[in-house]
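A short write-up of the structure that comes next.
Read the figures in this text as sums done on the coordinates, not as results from a lab. The structure presented is a predicted model; accordingly, all values stated were derived computationally and were not measured. Quick reminder, even Gly has a Cβ in these numbers, built from the backbone with ideal geometry, and neighbours come from all protein chains shown.
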Amino acid sequence: MALEDYRSDMEMCSRCSICKFVPLERLKGYQHANVCPSISRYKFHAYSGGGRMGFGVAMLEKRLDYADKLLEVIYNCQMCGACDISCKTAMDMEVLEAINEMRIKCVKEGHTIPALDGVINSLRKQGTMVPGVKAGRGKWVEGLEVKDFTRQKTKVIYHAGCRTSYDRDMWGIARTTAALLQKAGIDFGIGGENESCCGGRAYQMGYKEDFLRQAKRNMALFQKSGAEILVTGCADGYHAFKTLYDKYGVKNGLEVLHTTEYLDRLIKEGRLKPTRKVAMRVTYHDPCHLGRLGEPYLHWPQEQVPVKTNILAPKELRRGTYGIYEPPRDVIRSIPGLKFVEMDRIKEYTWCCGSGGGVNDSNPGFARWTAEERINEAESTGAEAIVTACPWCEKTFKDAIKENGSKIKIYDVVELLAKAV
Amino acid sequence: MALKRDIYRALEDVVGPENISEDSVILDSYAWRSGLLAGTEKFVPRFEAITLPKDTAEVQAIVRLCNRFGIQFKASSTGWSYCDPSGPGIIKLDLRRMDRILEINEKSMYAVVEPYVIATQLQAELMKRGLNCNVNGAGGNCSAMPIVGHAGLGPLSESGSYGERNQLALEWVTPDGEIVRLGSLGSLNKWFCGDGPGPSLRGIVRGNTVPLGGLGVFTKAAQKVYHWPGPPLFPIEGVSPDFISSEIPPGFMLGNFYVTSTENMIKAIRKIGESEIGFELMIMNFASIDESLLRSDAEIADEFEQMSRTAQAPTFMLIIAANSPNDFEYKKKVLQLIMEETGGKMLPMAEDPKFAGSFIWSFIRCTGANSGCFRATGAFGGMVPGTDILDVMVNYVQRAAKTMEEFIRKDMLLADGMISFIQMIEHGHQAHAELLTRYFPNDPKQARGGAEFNMEANKIAVSGRFGVPHHVWSDSVHDLYGPHTSHYTKWLRSIKKTFDPNAASEATNYITADE
């Protein structure tokens with residue numbers, strides 16, 4: 001696919017502005033009505049889903065050259081997909097796919113931004129989106145007895161992901177996940193030093209070829225192992241393995257589960273028993289890539305057929321309906337003593353943490369601004385902690401808290417579950 | 001034509017460098033055509049610059065600069081339609097930063113908002129307080145400010161009236177840069193009344209249609225709000241787009257009726273209005289009754305065919321919202337008597353709590369307009385007569401539909417089942433009708449069809465004495481109606497000339513002073 005393939009979608013935009021707000025049916029008050037960080041921060045229409053559709057057509061019509069401002073607008077977007085979901089409550093058109101294709105077009109034609117080029121260089125040289133030393137990728141597991149799936153047969157692969165592997169503060173999540181899986185008697189292995197980036201973030205930054213290279217490399221490794229299930233705690237990775245790999249035909253029947261899905265399954269099967277009380281009032285932040293973007297990819301033969309009223313029936317669209325919303329909530333609800341409260345913007349209309357689409361590298365200030373908006377929303381519920389299910393979200397929230405001095409705590413679902421098991 | 005540097009710098013001094021742009025990518029996003037009567041031209045002319053004023057003082061300063069430097073301006077809120085420039089030399093005021101609810105007065109039942117508060121935000125806040133506002137039929141995504149969101153006619157108009165009538169005190173930056181405070185705001189600094197004590201210029205600022213960006217900038221306004229007998233948060237569950245109501249709240253009822261003849265339908269609706277039992281009342285095609293709840297046009301097409309088989313007669317939708325169990329029983333009994341008298345029958349789907357609850361919420365929040373109008377092709381037109389009594393509306397739709405059939409036969413419009421609706425206003429006092437057209441705007445033949453049928457529908461309104469619609473905009477359409485309706489265009493032009501001596505407020509969608 002290319003941007004041109006989404007021309008008819010972009011030309012469907014009627015400028016209604018629904019993409020800027022949470023679905024109207026679910027709007028609960030004056031506060032927290034906005035759903036798109038980009039238009040909320042930068043205000044001009046171009047920063048919204050609808051605005052992007054308009055200038056996307058302008059790009060195809062060659063009305064715009066690749067000026068710095070064009071790249072600045074294109075890359076000041078977390079690719080969180082909120083605009084896409086809100087739009088699709090009313091319309092049958094792809095918004096996020098078109099926005100992604102704009103980035104791919106920019107990269108293909110050699111128009112990139114230096115901050116993201118640096119990240120991609122790290123991916124090309126070291127196999128990670130987190131600039132670091134390749135040799136340190138498996139350090140988080142030191143001291144644990146865990147199989148290496150590249151050398152030993154296992155049914156389940158646990159993929160820790162770049163953020164978790166290269167951030168010492170996140171190692172606890174991976175180690176805790178490994179401990180929980182062991183407690184449940186799961187035969188699993190990790191890639192350790194051979195683990196590599198999923199490539200999903202590179203794709204959303206527009207570097208499609210780098211993504212495909214990573215995807216093929218990873219799948220070759222997974223298939224050689226003979227494993228049937230891949231479990232990851234990284235929402236970006238989950239989206240890439242489950243959705244993007246399927247989109248590009250490289251998934252080959254691998255079952256992809258997020259740790260929260262897998263742990264929820266293990267709890268319901270009685271293989272993990274949360275029994276210890278954890279007295280805390282918490283709220284849950286849906287990671288975009290696990291929630292609305294985490295639903296399966298729908299293949300489509302790419303033709304529109306006339307239906308009875310002469311209107312063309314488009315493909316069935318991904319509208320966020322089948323994202324992963326309940327498993328993490330069920331895990332949280334299974335923990336004795338926890339008081340769980342919801343924020344205003346949840347599930348398919350969640351507010352992004354700010355990190356996605358390369359924004360944490362290209363514009364950290366914008367990432368922090370977006371995270372602070374979410375932290376404020378969480379605080380308004382009276383929660384003592386935000387629980388999430390993605391290391392990128394966790395890192396962005398923690399960075400924002402360091403800056404703004406909020407007292408709210410940030411946990412991964414896994415960390416809370418471990419307190420109870 | 002770029003703005004001269006001294007003009008740009010002067011504007012930048014007002015709003016700050018972050019809140020002004022003349023970059024091509026910013027300008028082109030505003031230049032994308034809106035879907036209303038879209039033609040083959042994909043882009044309208046670019047504005048010279050986009051400004052984002054934060055308050056009335058900044059709006060006034062921008063307007064004064066435009067008058068001083070001889071350039072034009074145009075303001076908009078959410079920017080759906082009627083806010084495009086006609087050519088070079090025009091700057092935009094995107095009022096996005098003016099987004100505060102300034103007051104909700106529960107005792108006196110009014111709310112004061114800035115232009116970028118959307119109706120859904122205001123409605124959601126009001127419902128927490130047992131109140132509700134009228135919502136523009138175009139959707140809850142439009143401005144909550146009556147004079148900004150077009151005429152403000154919608155499904156709620158049966159019990160919640162419409163913009164012109166709900167408008168209370170108003171703050172207006174005139175085209176030459178004065179700040180005028182109308183109604184009680186002008187003398188008492190209070191918002192409760194639009195006509196006094198203090199100056200009343202309600203007719204001046206509104207005209208028939210509202211000025212659609214052509215007569216200065218409206219920066220704050222109060223509106224009448226209404227009693228809401230429902231829950232503070234409607235019981236909606238599910239994940240997008242399958243929003244489902246877990247129950248129908250007590251006192252609420254949906255009725256989808258079909259009646260044996262058009263005469264009996266008019267009679268039934270008139271009696272429902274006289275008895276004031278309706279919260280919402282619309283004559284609707286069954287296919288569009290639940291299209292906002294369906295996932296795609298393919299599903300709508302199937303539904304349309306099925307519904308057409310179910311009810312071979314005129315149909316209408318009624319929502320009842322009662323204040324107490326006794327009130328509910330009374331309203332249902334009255335409805336039953338009216339249905340017996342007129343031979344009306346209720347469709348069974350209205351009794352399914354999930355369907356009915358979801359539908360009720362969709363129509364109270366006005367979430368269905370976009371899917372109903374734009375989902376098929378991204379373009380649509382709404383053919384309307386002047387707001388008048390129900391019989392006139394029915395007559396207009398029937399006449400316009402005959403002409404529309406010819407366009408469909410020639411493949412100049414889509415054969416979409418000829419969707420029309422009539423919204424009742426103030427318990428049957430008046431009604432608003434629309435016959436919707438859908439077509440592919442990139443197909444030159446169909447784009448021409450959309451435009452030509454629009455003019456034909458206007459001619460039908462003129463020749464049939466159907467009054468001046470709320471959808472009149474531009475010199476050419478006003479001039480079509482003016483000679484047949486007391487030359488009201490002379491008054492409008494006089495107003496335009498008096499209040500906008502420098503023609504600074506770009507008036508493509510309103511009326512220019514030129515005879």
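Numbers at a glance
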| read-out | value |
| --- | --- |
| Sequence ranges A:65-72, B:268-275, ranked by mean other-Cβ count within 10 angstrom, highest first | B:268-275, A:65-72 |
| Kirkwood hydrodynamic radius of the protein assembly as shown, Cα pairs, Å | 29.2 Å |
| Cβ-based net charge around B:ARG5, under 13 Å, with every Lys or Arg adding one and every Asp or Glu removing one | -3 |
| Charge context of B:ILE338, other residues only, Cβ under 13 angstrom, K/R +1, D/E -1 | +3 |
| Net dipole in debye of the stretch B:24-145 [+1 Lys, Arg Cβ; -1 Asp, Glu Cβ; about Cα centre; nearest 20] | 60 debye |
| Cβ-placed point charges (K, R +1; D, E -1), dipole of chain B about Cα centre in debye, nearest 20 | 900 debye |
| Label-point separation, B:ALA57 to A:GLU142 (7 Å along Cα→Cβ), nm | 6.0 nm |
| FRET efficiency, 1/(1 + (r/R0)^6) with R0 60 Å, evaluated for A:SER380 and B:LYS402 via beta carbons | 0.60 |
| On Cα atoms only, tilt of B:297-310 relative to the major axis of chain B in degrees | 40 degrees |
| Dipole axis of chain A (+1 Lys, Arg; -1 Asp, Glu on Cβ), positive-most option in A:GLY237, A:MET170, A:GLY29 | A:MET170 |
| Folded to 0 to 90 degrees: helix B:325-342 orientation relative to chain B principal axis, Cα | 70 degrees |
| Where N is the number of residues in the stretch B:376-473, Cα Rg divided by 2.2 N^0.38 Å | 1.05 |
| Where trypsin sites (Lys or Arg not before Pro) fall in DSSP loop in the stretch B:113-186, at most 16 other Cβ within 10 Å | B:LYS128, B:ARG129 |
| Surface/4 of the Cα convex hull for chain A, nm² | 20.2 nm² |
| Angle between chain A longest axis and helix A:114-126 axis [Cα atoms, degrees, rounded to 10] | 40 degrees |
| Label point at B:LYS332 placed 7 Å out along Cα→Cβ; residues across the stretch B:358-390 whose backbone nitrogen lies under 19 Å | B:358-361 |
| Efficiency of FRET from Cβ geometry, B:ARG129 and B:SER246, R₀ 30 Å, rounded to 0.05 | 0.85 |
| A:ARG265 paired with B:ASN395, simple spin-label distance in nm, labels 7 Å along Cα-to-beta-carbon | 6.9 nm |
| Among the listed pairs A:LYS62/A:LYS216; B:LYS190/B:LYS271; A:LYS69/A:LYS347; A:LYS69/B:LYS496; B:LYS224/B:LYS402; B:LYS459/B:LYS497, those beyond 30 Å (Cα-Cα) | A:LYS62/A:LYS216; B:LYS190/B:LYS271; A:LYS69/A:LYS347; A:LYS69/B:LYS496; B:LYS224/B:LYS402 |
| Exercise: per-residue mean of other protein chain Cβ atoms within 10 Å, A:47-54 | 4 |
| Residues of type aspartates and glutamates that A:LYS273 reaches as a straight line, Cα spacing below 19 Å, ignoring anything fewer than 8 places off in the same chain | A:ASP187, A:GLU261, A:ASP264, A:GLU326, A:ASP330, A:ASP412, A:GLU415 |
| Dipole of chain A [Lys/Arg +1, Asp/Glu -1 at C-beta], most positive-end residue of A:PHE44, A:GLY354, A:VAL107 | A:GLY354 |
| Net charge dipole size for the protein assembly as shown [Lys, Arg +1 and Asp, Glu -1 on Cβ; Debye, nearest 20] | 2000 debye |
| Which of B:ILE277, A:TYR203, B:GLY198, positive extreme of dipole for the protein assembly as shown (C-beta unit charges) | A:TYR203 |
| Largest-first principal axis extents of the Cα set of the stretch A:109-173 (Å) | 45, 26, 18 |
| Nitroxide proxy distance, nm - points 7 Å out along Cα→Cβ at A:ASP187 and A:GLU326 | 3.1 nm |
| Computed [θ] at 222 nm, deg cm²/dmol, the protein assembly as shown (DSSP H ≥ 4; -39,500 (n - 2.57); rounded to nearest 500) | -11000 deg cm²/dmol |
| Shielding score for B:364-372, defined as the mean number of other chain Cβ atoms within 10 Å | 4 |
| Under 10 Å, Cβ to Cβ, from B:LYS92 - net charge with Lys/Arg +1 and Asp/Glu -1 | -2 |
| Greater than 28 Å apart at Cα, pairs in A:LYS395/B:LYS54; A:LYS105/A:LYS247; A:LYS88/A:LYS409; A:LYS20/B:LYS220; A:LYS105/A:LYS251; A:LYS242/A:LYS402 | A:LYS395/B:LYS54; A:LYS88/A:LYS409; A:LYS242/A:LYS402 |
| Coil-residue GluC sites (Glu not before Pro) of the stretch B:347-441, DSSP, other Cβ within 10 Å capped at 16 | B:GLU426 |
| Proxy reagent accessibility, fewest Cβ within 10 Å first, across B:THR40, A:THR177, A:THR321 | B:THR40, A:THR321, A:THR177 |
| Least to most buried among B:HIS484, B:HIS150, A:HIS258 (fewest other Cβ within 10 Å first) | B:HIS484, B:HIS150, A:HIS258 |
